[in-house]
Every structure is written in structure tokens, then in C-alpha cells.
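Below: the structure, in C-alpha cells.
The values are calculated or read from the model by the stated rules, or taken from the named source; none is laboratory data. All values reported here derive from a predicted model rather than from experimental measurement. No Cβ is skipped: glycine too gets one built from the backbone with ideal geometry, and neighbour counts run over all protein chains shown. Heavy atoms of the whole protein, side chains included, go into the accessibility calculation; ligands, DNA and RNA do not. Shrake-Rupley method; radii C 1.70, N 1.55, O 1.52, S 1.80 Å.
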Amino acid sequence: MTSKPWTGMAGLMVLLALPMALSGCDDAAPKAQAAQNAPIGKANEARQLAEAKLREALRGELSISQVETFPQADAATVAVCGQVALKGGQKAPFVSLVTLHPEGAAEAVPAVEQHVATDDVSATRVYVETRSRCTEKAAQVTQRLTAPPRLPPIPADLRTLAPPAPPQVARMEAEAAQVAAQARGGIAMRQNGNLRARPGGEVLRVVQRGASLRVFAEAPGGWLQVGSDSAEGWMHSSMVTRMALPEAAPTLTTAAAR
């Protein structure tokens with residue numbers, strides 16, 4: 001007997017709540033339909049913006065085919081992927097990343113990041129973007145692949161940088177140079193001669209007749225690189241007499257130009 005009032009009250013509450021529940025169902029249907037149509041509308045808008053950007057960049061009426069759209073991890077971004085016919089009929093793949101109006105910011109201007117495979121570098125970028133953007137799983141991927149940056153040009157005057165040789169290596173190189181210079185012998189000046197910076201180049205000084213010098217190198221045209229302890233300049237062989245150096249020759253001296 002005590003359950004009847006409770007049952008009656010519960011039934012009344014159910015009847016009162018029923019219109020609200022039915023109203024909630026009526027509201028849910030349009031919202032569900034709007035949510036279903038939102039991606040379609042966003043995709044169409046992104047496609048129109050991408051095609052307009054393509055025509056602006058490539059200047060003219062274009063044949064665009066195999067276009068697909070893919071939502072991205074950023075809810076405001078849609079990837080538009082397809083092919084565009086370039087001049088001559090050649091088709092090139094493209095990827096357009098279209099950022100639409102973010103939710104709650106309708107005044108924002110849509111942005112389009114365009115990539116068209118018109119050369120080797122851009123083709124690499126389009127390939128990378130296609131692999132990461134033009135896929136059904138793109139909406140779940142937050143970290144993207146990036147195309148490798150273009151390498152800077154190599155300077156024409158690039159020098160080879162090498163560490164200094166160890167002391168023992170430097171000593172061996174000096175001894176080898178001395179042996180080579182010993183093998184080339186020396187010269188005695190038959191007349192006053194110009195010592196030049198390079199074969200036929202500017203004059204550094206005048207070496208007087210009778211001076212003796214070592215030969216460190218030879219160049220075509222009869223030019224000899226000479227000096228006392230080290231190479232100092234170039235002298236033409238027409239003004240000298242070649243001679244052999246003794247095994248334990250003292251350091252040769254040169255007569256200074258006056």
C-alpha cells in the first residue's frame with residue numbers, strides 16, 4: 001500500500017520529463033546532420049581555394065584532375081591533393097594545405113600553402129607532403145615529415161683546410177725537400193739578373209753577377225725557382241750557370257740588390 005504514492009509520483013515525473021527528452025532528440029537530429037555536412041562543406045571550400053591559388057600561381061586556365069581532400073590534425077586545415085596539367089600537357093602532382101576559418105574566428109583570412117612538382121626540388125617536397133598529408137590517417141598525425149632544405153652553393157674559392165703536420169712529419173718533409181733541392185743543384189749568376197715573383201712576373205730584386213743560389217723547382221720556358229735557404233723567387237736559366245751542390249755545402253748567400 002505504501003508504494004502506490006511513490007509509483008504515482010515517479011510516473012508523473014516520467015511524463016514531465018518525456019517532452020524534454022523528445023525535444024532533446026529533435027535538437028540532436030539537426031546537430032548530427034550539421035556535423036555530418038560540416039566536413040563536406042569544409043572540403044569543398046578548401047578545394048575551391050586551392051584551385052584558385054593554382055590558377056593564380058600558374059597563370060591561366062588549368063586542367064585539374066584526381067583531386068582529393070584530407071582533413072589534418074589541425075581541425076582548421078585541409079589537404080587538397082591532385083594533378084594539374086602544365087604547359088605542353090605534362091601533368092604534375094600538387095599538394096595544397098588550406099587553413100580555413102578557425103572555430104570562433106570567422107574574420108580570419110584563409111591561408112593556402114601550395115606545392116607543385118615543377119622541378120626536382122619541388123617534386124621532392126610534393127612527394128614528402130603527399131606521403132604525410134594525403135592519407136586517411138593524416139588527421140591523427142601531429143608530427144610531419146619535412147623536405148630536405150636546398151644545399152647552399154659551393155664557393156668557387158673553397159680552400160682545403162688541413163691540420164698542421166706533426167713535428168716528425170714536418171721534419172721528414174723538410175728533409176725530403178732538402179734532398180730534392182740537393183738533386184736539382186744550384187746556379188751561379190753569369191750576369192746581373194731579375195728575381196721575379198713568378199715566371200715572367202714582377203721583379204722582386206736584382207741578383208748580382210757571381211751570386212750562388214739553390215734551385216728548388218723548375219717551370220716550362222727555362223724558369224728556375226731559386227733561393228738560399230728557401231725558395232725566394234724565379235730566375236730565367238739564360239742568365240745562370242747550373243752547377244752541382246756538394247753533399248755538405250754551407251748555406252749559400254745572395255748579393256743584395258743595390
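Counting charges near Gln225 (Lys, Arg +1; Asp, Glu -1) among other residues having Cβ under 12 Å from its Cβ returns a value of +2.
Only protein heavy atoms count here; on that basis, with a 1.4 Å probe, Cys81 has an accessible area of about 10 Å². As a calculated quantity, the FRET efficiency between Arg209 and Gln182 at R0 = 22 Å, using C-beta atoms, amounts to about 0.35. In this structure, the pairs whose alpha-carbon distance is over 24 Å, taken from Lys53/Lys87; Lys91/Lys137; Lys53/Lys91, are Lys91/Lys137. When His101, His236, His115 are compared by accessible area at a 1.4 angstrom probe, the order from most to least is His101, His236, His115.
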